[in-house]
1. Determine if region 577-592 includes at least one residue that is within 16 Å of the ligand (Cβ to nearest atom) and within 21 Å of residue 48 (Cβ to Cβ).
2. Consider residue 506 against the criteria (1) over 23 Å from residue 481 (Cα atoms); (2) surrounded by 13 or more Cβ atoms within 10 Å (Cβ to Cβ): it satisfies all of them except one. Which criterion is unmet?
3. Step by step: first the residues of region 134-150, then only those that are touching a residue at least 24 places away in the same chain (Cβ under 8 Å) and out of contact with any helix residue (DSSP H, G or I) (no Cβ under 6 Å at 6 or more places or on another chain), then the one that is surrounded by the fewest Cβ atoms within 10 Å (Cβ to Cβ). Which residue is that?
4. What is the number of the single condition among (1) within 16 Å of the ligand (Cβ to nearest atom); (2) at positive phi that residue 600 does not meet?
5. Residues that are within 23 Å of residue 257 (Cβ to Cβ) and in contact with a helix residue (DSSP H, G or I) (Cβ under 8 Å, 6 or more places away or on another chain): which helices (runs of 4 or more DSSP H) entirely in region 510-606 hold 1 or more of them?
6. Taking into account only those residues within region 188-222 that are closer than 21 Å to residue 95 by Cβ and more than 27 Å from the chain's Cα centre (by Cα), which is surrounded by the most Cβ atoms within 10 Å (Cβ to Cβ)?
7. From the residues in region 328-352 that are surrounded by fewer than 24 Cβ atoms within 10 Å (Cβ to Cβ) and either part of a strand (DSSP E or B) or within 22 Å of the chain's Cα centre (by Cα) (or both), which one is farthest from the ligand (Cβ to nearest atom)?
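The values are calculated or read from the model by the stated rules, or taken from the named source; none is laboratory data. Everything numeric here is computed off the predicted structure, so don't read it as measured data. No Cβ is skipped: glycine too gets one built from the backbone with ideal geometry, and neighbour counts run over all protein chains shown.
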Ligand code: F6R
């Protein structure tokens, strides 16, 4: 999604802005631009495509000035063209924006009534034109920007720069995150702390409805009621050296390989020496919880679906799982005793955040499972459970998924203990299994070459099906999502028992069918469904353990051996082949693995 940076500095702003935008690249974008104020005059450069195009443009048409704003745009209103790229400019105002201005059509009509001309298809241009309109009526830049902000509905983070003002930047937040970075005689703004990490580690986050008037030496923040407020400045630890590929070809490969280490960290934070599960802060008591509602998007939604099997089987609590974009408009009744759990890597996904706000005040408790502890979702929860995956840059979520699953599994154990349905001996065996997880994941990574060979075969397919039964069904869904998002191969997943109710019509000798089936209690059932596929010449790729393969691999097109693992933890392990098959297929096809087309990392619009 769009990324914003801003600087009021003591050095040339353009290279600082471009470097900061590079650190936001992971969010996904299709054009980029910067504007600076040089000797009191606003100027801008914009380019379609990757940041390298903007850098090339700046070589031929440099932009000087020590104050500036920059933007990576993920197109919503209007195609990714230079004209639609940010910063948008109207007279003496330049604006960058993340989010959507929902009432931009009404505002456009109103401005058109005043004879104002529009040159772009974007909602953002309206903000620049409205501010310019108020300035033309005599308002100073601060008053004009505040007046314009008071007219906007929707979700946004905005930064403004003005002609004739090289020591002034205005930043505002309503719905999309925005951080202010404090330097020495310099100030910065950014969509997240990662963008600002080499510039400063002193960060404050604007709250909903805040507007900040920033100079090199001062920040005045007003809240939605117009009262001057203080927002705490925190020292953030982001090691910018960790935001590189560490010798890997892609961030995704690095993040897959990091899983044994980050899972170990997550375990360390929740497991005590006493074999009990320890939640951070005030924690959660499941004794009074009667049901759970879990809400998330994409991969995080599949983590919730997996956790549903665990919560119901191990902790005996009924669980309802919903995609956030549906949940928020369904207006579900929330009864007393409901725990609402929101799962989000970024902690900023607009639909998940809106669903959380819908539940606030209705549910007994709001808990979140997040990777970014400073995120909006974490801050608005009663209990935020960090997953300790570290910064995830690849658009396709990998290590965050396995860390989400691991933390959710520990939450299930805690719930089962609180409800008195898990004895100490069984808890201890689950905990021992968890402690062994990092080394089992390491063994799975040793299958990398086998997965690459299978992926090479997959790379020429047009359609791929994934099958799984029970707790492996969400993994099949995750495998299909991973494959389609980075290799652009059409992939669908089905509960294996559901295949014969329709989708089996798709099976022929052209269609690879990936079956995820550890040798568990449901193995024989899944193998029967696999036989149905092979009887119709489907090309089966069986992913199982040594026992499963020895019993059922005859006649399959390809097989991948996973290490043995206690049944309950199999979904965490089988995420690895899902990720590696997608990764190697994408590499074989030559797609942009870390920034696949049309996708954004942090989805801050609905
Ligand atoms: C897929 C992927 C997405 C995200 C989804 C939710 O690989 O990464 O499906 O899982 O956009 O994002 P978060 O977890 O940040 O709420």
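1. yes
2. So the condition that residue 506 fails would be (1).
3. Restricting to residues being touching a residue at least 24 places away in the same chain (Cβ under 8 Å) and out of contact with any helix residue (DSSP H, G or I) (no Cβ under 6 Å at 6 or more places or on another chain), the top hit is 136.
4. (2)
5. Once the helices (runs of 4 or more DSSP H) in region 510-606 are filtered for at least 1 residues that are within 23 Å of residue 257 (Cβ to Cβ) and in contact with a helix residue (DSSP H, G or I) (Cβ under 8 Å, 6 or more places away or on another chain), what remains is 570-589.
6. Here the answer is 214.
7. Per the stated criteria, the residue is 338.
One line per residue, one yes/no per condition, for (1) assigned to a helix (DSSP H, G or I); (2) closer than 19 Å to residue 474 by Cβ; (3) in contact with a helix residue (DSSP H, G or I) (Cβ under 6 Å, 6 or more places away or on another chain):
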site: 245; (1), (2), (3): no, no, yes
site: 248; (1), (2), (3): no, no, yes
site: 260; (1), (2), (3): yes, no, yes
site: 263; (1), (2), (3): yes, yes, yes
site: 275; (1), (2), (3): no, no, yes
site: 284; (1), (2), (3): no, no, no
site: 301; (1), (2), (3): yes, yes, no
site: 308; (1), (2), (3): yes, yes, no
site: 312; (1), (2), (3): yes, yes, no
